[in-house]
Every structure is written in C-alpha cells, then in structure tokens.
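*Asks:* I'd like to ask you about the structure that follows.
Coordinate-derived values only; no laboratory data. Just so you know, these numbers come straight off a predicted model, no measurement behind them. Here the Cβ positions follow ideal geometry from the backbone for every residue, glycine too, while neighbour counts run over all protein chains shown.
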Amino acid sequence: MTELPPTAGLPLRAGDLLPWGDADLEGHLARWLGVPAVQLTCSGTAALLLALQVLRAQTPSRDEVVVPAYTCRLVALAVARAGLRLRLCDLAPGTLDLHLPALQALCGPRTLAVLPTHLCGLVTDVAGPAAVARAAGAWVIEDAAQALGARVAGQPLGLQGDIGLYSLAAGKGLTLYEGGLLVSARPALRAALREAGPRLLPPRPAWELRRSLELLGYAACYRPRGLRWVYGQPLRRALAHDDRVAAAGDDIGADIPLHAVGRWRRRVGVRALARLPAHWQAAEQRWQQRRNRLMQAGLPVLGDSPAVPAAQGVRPLLLLAFPDAGLRDALLQRLWGAGLGVSLPFAATLADYPPDAAGLAVTAEGPLVHARVLAGRLLAITNSGWLDEPGFEALLAQLLEGLGRVRAG
Ligand SMILES: *Cc1c(COP(=O)(O)O)cnc(C)c1O
C-alpha cells in the first residue's frame, strides 16, 4: 500500500541533512528570485504577523485587514493575533481573484491592508486589488504562501504589492518543515521588517529542536510508503469521523510559534533549493499534459488568473472546478481517502468552519456568493511525480466513472 501526497512537495535527500555547509539560505533565495533581499521567518503565519505589525506601526489609525473569503485559516489567526479586524472579500465569479466591486465596498479609512492571495501555485490578479487598496490609502500584502517560484513576466510574486510572503511549510514545495519568507520592493519596508524581526522572533532552542526533528521526520517519511502512516492514516481517521476540517488539514491550533530559524535547517534549505527549479519545471510539464487530458474529458482545471498576462505559476496540484457541488461531493466521497492524491485545498470559506480549538470567530458580513459556490465545487489532484502515467489514467477513469454514476443516478 502506498499513499500519494496531496501536493508536489520537494522531497529531501540524505545528503541535504549533513550538519555542515553554507547556511545563507536568505542569500541563495534572493539570488534565485532576483530580489535585493529575502527575510526568513519560522512560518508563513509568523511572516504575515510581522508584516501586519510593521504596517500597523506605519499607519496606526488603520485596523482592518481584507482577505479572500476562501483562504488558509492561519491568515485569520495572524490577523487576530495582531489585534486587527478580519474582513472577508468575495471572489470574482469562477476564479480565485478578489471580486473588485466587493473589495471596493470593504475598503475605507480603517483598511490597513488587502491580501491578494496566490492559492495552489496559481498567480492571482494583484494590479486590480492594488488599485482599489491604494485609492483607499491601504497597503497591499501579497500572500504567495503556496507559490514560491511563481513569476509574472519574469518577476517573482510579492513585489507588486508592498510586502510579499511565502511559506516553507511541509507540502508547499521547498520546506524546512515550517518556515516563511518576506520580500518587498520597498527599501524602507525591508529595513522596518529586518529591524522588527528579531524582536518578534527570538532564538528559542526548544522550538528549533522540535522543528529539526520534524524536518528529519519529513525527510524520512515524505515518500509513498511513509506517507501512508503520517498522512494517510490520520486522513482516513478524520474521514471516518466525518471531520472534513481535520481531513483538509485545516484543524489549526490557537498558538503561533514565534522564534528564529536555526543554522542547520537553513543549510538543509540551501541544499534542497538547488533542486527546486528542476522540480517545478518537471511539475509544469506534467501539469500541462494532465490539464489538457482533463479538459478533453470535460473536467475544467483552473489556471493562472486570466487578468494577468505573462503569469507563470507553480504547479503543486491540479485544481478542478466542477459545475456543481453535488458532483464534487460524490467524487470526493469515493476518492478522498483512497491514497491517490485527491483532496480539498480548504474545507470551506473562512466564514463556514465550525467553532474549534483555534477559537476563531469569523463572521461573514455579506453573502460571499461566489467564494461559497467555488468552495463547494473545487477538488484538488496531486501533481506529485509519484503519480505516474498509469496511475493518473486510472484516477481519471475513476473520476469519469464516478461522474457517470452520479449523472445516471
Ligand atoms: C499555508 C498558508 C499560510 C501560512 O503559512 P505557514 O507557513 O503554514 O504558517 C498563509 N497563507 C496561505 C494562503 C497559506 O496557504
């Protein structure tokens, strides 16, 4: 029995784990991305918290943060921890882009920041939301947590907004098990982030030890046999309890660990980063072929935003958008726990999670029509190289058979 991961994370090699070597991960990332500097944090959530604190200090009268209604719950957690008010913005119909009329209605003198979000490696429109945000005097934070390596016209994500953030969590491509990055095209903001970083993220050896052991665990288990134990079993247990939130990995705690990243994990990152460009290149080829194959079979696969010419996303997964939620749910029922790399990006919009340990109370101010519709219709298929051609064809056959049954029944 094997288990495919839900996304095409970059596997580690034994040689990555050596105790010595170059620890300048920030320098290597900056050169690869082609930016003046990159700031490493202990998670994407910590990066967002730091960004929000720095922007708040610049404009203290502003205390609201506008995010897409369909995004990672850790975003809501960071906003709450920063003492700011979360406001959910609907998505443009059938896309992952912020709905500009909805955004316009949300932005005002209290808006601190707007977060265009590049989900699932797909490039989202930043220019449109940035124009609305700037007209209201608000900052723009590009959430590129899931898109390290994506570019627009050769430029990395995160430079069109005021600050950009990436995640190095397990499953998001390059990983330190947990980690985050900040970039900015603005020298003054880079300096402010650099200055505030060590205060928010001091060295905490116990956390670094824990993360180092977790990274070793990732190196050992991120392969089709190991994933059965560390990913497949907990997933099937959650599904058996009808717990979609846990199954989607959205069962976050209330705590945001805040600490510096140690030298050994930086060294591992430097060595793994050398393989990331080839990893994404191979993923792009698989994605193109399989997207064509799915589209020919009548299954629509979302791509980079049509509002962004020259977008070049990264491809951790194929994101299918079904014509209705019934079809999606029927297929999910059959395939989610089957070890084939089928999953959900998120269980629901931020307004639709049941109350849980994270204690996040997020209220929907408007109907969030399009975000809710899309959240019910999406289904993700892994773009891991471990899903080989026969495996993909077998999965496609299962999808089509499931569709046939639902339509017939
Ligand atoms: C994962 C994620 C984050 C948070 O990143 P972590 O490194 O997991 O803390 C923020 N935004 C989005 C869209 C994410 O997917």
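*Asks:* I'd like to check something: does the range 70-80 contain any residue that is under 16 Å from the mean Cα position of the chain (by Cα), crowded, with 16+ Cβ neighbours inside 10 Å, hydroxyl-bearing (S, T, Y) and under 30 Å from P367 (Cα atoms)?
*Replies:* Within the range 70-80, the first condition is being under 16 Å from the mean Cα position of the chain (by Cα), and the residues that meet it are 70-78.
Now drop any that are not crowded, with 16+ Cβ neighbours inside 10 Å, which leaves 70-78.
Retained after the next criterion (residues that are hydroxyl-bearing (S, T, Y)): 70-71.
Subsequent filtering for residues that are under 30 Å from P367 (Cα atoms) retains 70-71.
There is at least one residue in the range 70-80 that is under 16 Å from the mean Cα position of the chain (by Cα), crowded, with 16+ Cβ neighbours inside 10 Å, hydroxyl-bearing (S, T, Y) and under 30 Å from P367 (Cα atoms).
*Asks:* Please indicate, with yes or no, whether at least one residue in the range 227-234 is crowded, with 20+ Cβ neighbours inside 10 Å and touching a strand residue (DSSP E or B) at 6+ places or on another chain (Cβ under 8 Å).
*Replies:* no
*Asks:* Answer yes or no as to whether L318 is of a type outside the set (K, R), at negative phi and not in a helix (DSSP H, G or I). Let's see the steps before the verdict.
*Replies:* Working: of a type outside the set (K, R): yes; at negative phi: yes; not in a helix (DSSP H, G or I): yes.
Yes, satisfied.
*Asks:* Out of the range 174-198, which residues are more than 17 Å from W139 (Cβ to Cβ), in contact (Cβ under 8 Å) with a residue 24 or more places away in the chain and among the charged types (D, E, K, R)?
*Replies:* Applying the first criterion (more than 17 Å from W139 (Cβ to Cβ)) to the range 174-198 yields 174-181, 194-195, 197-198.
Filter once more, so that each one left must be in contact (Cβ under 8 Å) with a residue 24 or more places away in the chain: 174-181, 194, 197-198.
If the condition is that a residue be more than 17 Å from W139 (Cβ to Cβ), in contact (Cβ under 8 Å) with a residue 24 or more places away in the chain and among the charged types (D, E, K, R), then E178, R194 are the ones that fit.
*Asks:* Can you pull out the residues in the range 209-230 that are outside any helix (DSSP H, G or I), farther than 10 Å from A170 by Cβ and not charged (D, E, K, R)?
*Replies:* Within the range 209-230, the first condition is being outside any helix (DSSP H, G or I), and the residues that meet it are 222-225.
Add one more test, that the residue is farther than 10 Å from A170 by Cβ, and what stays is 223-225.
P224, the sole residue that qualifies.
*Asks:* Same structure again: Do any residues in the range 58-73 that are more than 14 Å from R110 (Cα to Cα) and assigned to a loop (DSSP other than H, G, I, E, B) have Cβ atoms under 6 Å from those of residues that are within 16 Å of the ligand (Cβ to nearest atom) and of a type outside the set (S, T, Y), where the two are at least six apart or on different chains, and which pairs are they?
*Replies:* Qualifying pairs under 6 Å: A69/L88; A69/L350; A69/A371; Y70/A371; Y70/A375.
Conditions (1) buried (at least 24 other Cβ atoms within 10 Å of the Cβ); (2) of a type in the set (V, I, T); (3) within 16 Å of the ligand (Cβ to nearest atom); (4) closer than 17 Å to P257 by Cα, marked per residue:
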position	(1), (2), (3), (4)
G149	yes, no, yes, no
A153	no, no, no, no
G164	yes, no, yes, no
A169	no, no, yes, yes
L176	yes, no, yes, yes
L181	yes, no, yes, yes
S184	yes, no, no, no
R190	no, no, no, no
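*Asks:* Can you work out which of the residues in the range 36-46 that are of a type outside the set (S, T, N, Q) and closer than 15 Å to L157 by Cα is farthest from the ligand (Cβ to nearest atom)? First the steps, then the outcome.
*Replies:* Pass one, the range 36-46, residues of a type outside the set (S, T, N, Q): 36-38, 40, 42, 44, 46.
Applying the additional criterion that residues be closer than 15 Å to L157 by Cα yields 36-38, 44.
Values: P36: 23, A37: 19, V38: 15, G44: 2 Å.
Going through the qualifying residues, I end up with P36.
*Asks:* If you check P306, P355, P323, which single one turns out to be in a loop (DSSP other than H, G, I, E, B), without any contact (Cβ under 8 Å) to a residue 40 or more places away in the chain and surrounded by fewer than 16 Cβ atoms within 10 Å (Cβ to Cβ)?
*Replies:* On the way: P306 fails: without any contact (Cβ under 8 Å) to a residue 40 or more places away in the chain; P323 fails: without any contact (Cβ under 8 Å) to a residue 40 or more places away in the chain.
It is P355.
*Asks:* Inside the range 231-263, can you point out the residues that are away from the ligand (no atom under 16 Å from the Cβ), at negative phi and not in a helix (DSSP H, G or I)?
*Replies:* H241, D243, G262
*Asks:* I would also like to ask the following. Using beta carbons and a limit of 7 Å, which pairs, at least six apart or on different chains, have the first residue in the range 112-135 and in contact (Cβ under 8 Å) with a residue 24 or more places away in the chain and within 16 Å of the ligand (Cβ to nearest atom) and the second one assigned to a helix (DSSP H, G or I) and of a type in the set (G, A, S)?
*Replies:* V114/A133
*Asks:* Kindly establish whether E26 is of a type in the set (D, E) and in a loop (DSSP other than H, G, I, E, B). Show your work before the answer.
*Replies:* Details: of a type in the set (D, E): yes; in a loop (DSSP other than H, G, I, E, B): no.
No.
*Asks:* Next question. Being of a type in the set (S, T, N, Q), in contact (Cβ under 8 Å) with a residue 24 or more places away in the chain, farther than 18 Å from G404 by Cβ and not in a loop (DSSP other than H, G, I, E, B), is that true of even one residue in the range 264-287? Quick ask: steps written out before the conclusion?
*Replies:* Quick first cut of the range 264-287, residues of a type in the set (S, T, N, Q) only: 281, 285.
Subset that is in contact (Cβ under 8 Å) with a residue 24 or more places away in the chain: none.
Checked against the condition, which is being of a type in the set (S, T, N, Q), in contact (Cβ under 8 Å) with a residue 24 or more places away in the chain, farther than 18 Å from G404 by Cβ and not in a loop (DSSP other than H, G, I, E, B), the range 264-287 yields no hits at all.
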